[in-house]
Amino acid sequence: MIRVENLVRKFGPTVAVKGITFTVKDGEIYGLLGPNGSGKSTTMKILAGIIPPSEGEVTINGIDVSKNPLGVKMIVGYVPETPVLYESLTPVEFFNFIGSVRGIPEEALQERVETFIKAFGIERYLGEMIGSLSFGTRQKISLISSMLHDPEVLILDEAMNGLDPKSARILRELLLQFREEGRSVVFSTHVLALAETMCDRVGVIYNGELIAEGTPEELKEFAHEESLEDVFLKLTESQEEVVGIVQALREAL
């Protein structure tokens, strides 16, 4: 269970997150959606214990993020929007490093690494430096490293970016398995059709505020729209702008 109460995050005079409140239940995939600069990624970094909140309270399975960020990191798997990896290591060296930091028993680590390597199809890259690999391959390495310790909670910020269709499908199936096992997943994506099919509930952040929350069906009914994409554009005041841009492009082409 994730509980977020009146969360505020300031960067100097800038208030990136403005007192948002939401919960993510056990066995739930929660979509956190918002345009670039909305405070979405900042919120997810706080949930993962990467940065502290300025105000408010966040607890992950009963652990207070402010009081025990290390404890949160031990039970959370986090994938940032841009992979943060040791580029001078090979994937195998990096996975072994993650295993040692997290105290994963050697036998369990090797079994999990082998399973994930085959699932995401990165066998050919195991001896290469991470820095020389494509964005998509580095994204797969980031995903694998986030799940090696068998986390209770997954925080995935645009984790589908750069994935080929097969790997994206595998990740979707893994998230559904996490949900079936009663774990919590916070998942952000700009592919709103994916959020509509994957997420049990969705929260929409705009200018640092949570402006809407509910199941995809509830949000569509609330906004009188037929798709989550249209709901998002309407709530973030982008719908008329998009229509205008499309019309201008049609006239210019």
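Values in this text are rule-based calculations from the coordinates and carry no lab data. Computed from a prediction, not measured in an experiment: that's the story for all the values here. Neighbour counts are summed over all protein chains in view; Cβ atoms, including those assigned to glycine, are modelled from backbone coordinates with ideal geometry.
Roughly how big is the chain's charge dipole about its Cα centre, with Cβ charges of +1 (Lys, Arg) and -1 (Asp, Glu), in debye to the nearest 20? Here the size comes out at about 640 debye.
Using alpha carbon coordinates only, what is the Rg to Rh ratio of the chain, with Rh defined as the Kirkwood radius?
Numbers: Rg = 19.0 Å, Rh = 19.2 Å.
With Rh from the inverse mean 1/r over Cα pairs, Rg/Rh is 0.99.
Ordered by the number of other Cβ atoms lying within 10 Å of each residue's own Cβ, fewest first, Thr14, Thr23, Thr137 fall into the sequence Thr14, Thr23, Thr137. Largest GNM mean-square fluctuation among Lys166, Lys73, Lys220, using the chain with Cα springs under 10 Å: Lys166. Neighbour counting of Cβ atoms within 10 Å sorts the residues Ile60, Ile2, fewest neighbours leading, into Ile2, Ile60. Angle, helix 239-252 long axis vs. longest principal axis of the chain, Cα atoms, 0 to 90°, nearest 10? That works out to roughly 90 degrees. 3J(HN,Hα) along the range 129-144, derived from phi through the Karplus expression 6.51 cos²θ - 1.76 cosθ + 1.60 where θ = phi - 60°, amounts to 5, 4, x, 8, 8, 5, 4, x, 5, 5, 5, 5, 4, 4, 4, 4 Hz, with x in place of Gly and Pro.
What does the helix-only formula give at 222 nm for the chain: each DSSP H stretch with n ≥ 4 adding -39500 (n - 2.57), the total divided by the residues, and the result rounded to the nearest 500 deg cm²/dmol?
About -13000 deg cm²/dmol.
Phi-derived couplings, Karplus 6.51 cos²θ - 1.76 cosθ + 1.60 at θ = phi - 60°, listed residue by residue for the range 28-43: 9, 9, 10, x, 9, 10, x, x, 4, x, 7, x, 4, 5, 4, 4 Hz, with x used for Gly and Pro. Each residue in Arg102, Arg183, Arg112 was given a count of other beta-carbon atoms within 10 angstrom of its own, and listing them fewest first yields Arg102, Arg112, Arg183.
When the chain is described by a simple charge dipole with +1 on each Lys and Arg Cβ and -1 on each Asp and Glu Cβ, the residue from Val231, Gly34, Cys199 located farthest towards its positive end is Gly34.
Under 5 Å between amide hydrogens, built in the peptide plane, is the criterion, and for Gly27 it picks out Gly182, Arg183, Ser184 among residues at least 5 positions away or on other chains.
Under 5 Å from the amide H of Thr215 lie the amide H atoms of Val202, each residue being 5 or more positions distant or on a separate chain, with H modelled from the backbone and absent for Pro and chain starts. For the listed residue pairs Lys10/Lys40; Lys10/Lys73; Lys73/Lys118, the alpha carbons are over 24 angstrom apart in Lys73/Lys118. Counting only DSSP beta bridges with both residues in the chain, the antiparallel share comes to about 55 percent. Under the criterion of Cα pairs below 8 Å and six or more residues apart, the relative contact order for the chain equals 26 percent. Amide H contacts under 5 Å for Tyr78: Ile155, restricted to partners 5 or more places along the chain or on a different chain, H placed in the peptide plane at 1.01 Å from N.
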